[in-house]
Amino acid sequence: MAGTAIANNYAVQPALGVVAADLHIAPAVIGLVPTAALVGCTIGFALLLPLTDHLAPSRLVGTQLTVLSAALTGAAVAPGAVVLLAAYVLIGAAASVAAQAGNIAGRHAPPGRRGAGVAVVAAGMSAGILLSRLVGGALTDLLGWRRMLLVFAGLALLGAFAAALVLPRRRPHAGRHYRATLASLPPLLRDVAPLRQAVAAGGLWYFAFTLIWVALALALARPPHSLTPTAIGLYSLAGLLGFTVLPLTGRLTDRYAPHAVITVSVLAAAAGVALLATGLGAPPVTAAGLALFDAGCFAAQAANQSRVIALDPERSGSLSSVYLVLYFTVGAVGTALAAPLLDAVGWRGTACVAIAALLLAVGFTGRPGHREPPPRHPYDR
């Protein structure tokens, strides 16, 4: 379910050129579609993720997946840029249910298995992200971009039925009302130092992730490459390495301090971008670079998310909300800058910006060998 939900933020990316031509939208405007999805995700993380501390998982997840299906249907019938962008804000907000799934898994995991539980959900999310581009590109070529979105709408609706059947129906015990929970969110960044570190590091590598993938889709659609949406989507298969390393990442995070796992993962991502910076003319090199890049970003995110949840599992929804709001806010900046940077400094210059962000992220991963104790209520005064 998490993979199906998060896929909708990325499935349209290989088809951006086709959508722009069909709706007569300028390249700079169509590049805002992924940004709109991330803005929506940010809204969802701010307002909906804390609900995991208050509502039964079956009710919360099922409702959001139903809304996601309706928003995708709205995007499929969009007559122009305004409706399309508005629909993608709503799509992104509803797709934030993927983060709720990770939070639910971390909360209900047995002691000492939180990292593994979060990694399982992260693996599903990574599979959704990777395969969404391939499936989205292929369905666009086969059915057109509008019918492609309707297919994803149907999958979201199926996920809503599954959530109602299999997820826990017990409402979590919350020590405060929802409004009080929202009011408690802003001080968290000030009061919890490990959360600040997690936000800074995660935001920087997600900035690099969104920057590279949006710029890649746009660069491959232009001459001299001029690839079809299906061909562009095929490059997402290179990221399957990230899917395969996530179970190991979860075990290592449970055994060792997150700093080591995150540092190695981010450096691997930077090495992948360095390969991409050599150019996009050699598909094997591009695929190898994307494999390292995606594996590093996915592994770092799984370890970082486990670290945030461990700060206070009983209020992990609130902590994760602050983390992911800022994480996706920085990621939205990456999507918005992708097209202008590609035009201004070219593909290699854009890749160098991503490398700089990844190397800067290493400085915010925390002290080597240090494991933060989980405070009971780190932000209660």
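The values are calculated or read from the model by the stated rules, or taken from the named source; none is laboratory data. Given the structure is predicted, the values throughout are model-derived calculations rather than measurements. Every residue, glycine among them, receives a Cβ derived from its backbone with ideal geometry; neighbour counts consider all protein chains shown. What goes into the accessible areas is simple: the full protein's heavy atoms, side chains included, and nothing from ligands, DNA or RNA. Shrake-Rupley method; radii C 1.70, N 1.55, O 1.52, S 1.80 Å.
Hey, any idea what % of region 152-207's accessible area is carbon plus sulfur with a 1.4 Å probe?
On the way: 2050 of 3160 Å².
Heavy-atom surface of region 152-207 belonging to carbon and sulfur, 1.4 Å probe: 65 percent.
What FRET efficiency comes out for the pair His24/Val345, r = Cβ-Cβ distance, R0 = 25 Å, nearest 0.05? Don't skip to the answer; put the middle values down first.
On the way: r = 28 Å, r/R0 = 1.11.
FRET efficiency, His24 to Val345: 0.35.
Tell me, what is the FRET efficiency for Ala356 and Leu47 to the nearest 0.05, using R0 = 25 angstrom and their Cβ-Cβ distance as r? Please report the intermediate quantities before stating the final value.
Numbers: r = 33 Å, r/R0 = 1.30.
With a Förster radius of 25 Å, E is 0.15.
How do Met148, Met125 stack up against each other in accessible area, from largest to smallest, with a 1.4 angstrom probe? All intermediate terms of the calculation are to be shown ahead of the outcome.
Details: Met148 0, Met125 45 Å².
Largest accessible area first, the residues go Met125, Met148.
What accessible surface, in Å², does a 1.4 Å probe find on Val166, ignoring ligands, DNA and RNA and rounding to the nearest 10?
So the heavy atoms of Val166 present about 100 Å² to solvent.
Let me see the pair-distance distribution of region 7-84: every alpha carbon pair, 10 Å bin width, integer percents in order.
Histogram of Cα-Cα distances, whole percents per bin: 16, 45, 26, 12, 2.
Take the Cβ-Cβ distance between Arg146 and Arg222 as r, set R0 to 22 Å, and report the resulting FRET efficiency rounded to the nearest 0.05. Walk me through the numbers before you get to the answer.
Numbers: r = 24 Å, r/R0 = 1.07.
It comes out at approximately 0.40.
Could you work out how much longer the chain between Val83 and Ala180 gets when fully extended? Use 0.36 nm per residue separation minus the Cα distance between them, nm to one decimal.
Values: separation 97, 0.36 × 97 = 34.92 nm, distance 3.38 nm.
Value of the extension gain: 31.5 nm.
With labels modelled as points extended 7 Å from the Cα through the Cβ direction, what inter-label distance (nm, one decimal) is found for Leu189 paired with Arg171?
3.1
Where does each of Thr335, Thr66 land when they are ordered by accessible area, with a 1.4 Å probe and the largest first?
Details: Thr335 5, Thr66 65 Å².
Ranked from most to least accessible, the order is Thr66, Thr335.
Enter the accessible area of Leu90 (Å², nearest 10), with the probe set to 1.4 Å and all protein chains included.
For Leu90, solvent-accessible area is about 80 Å².
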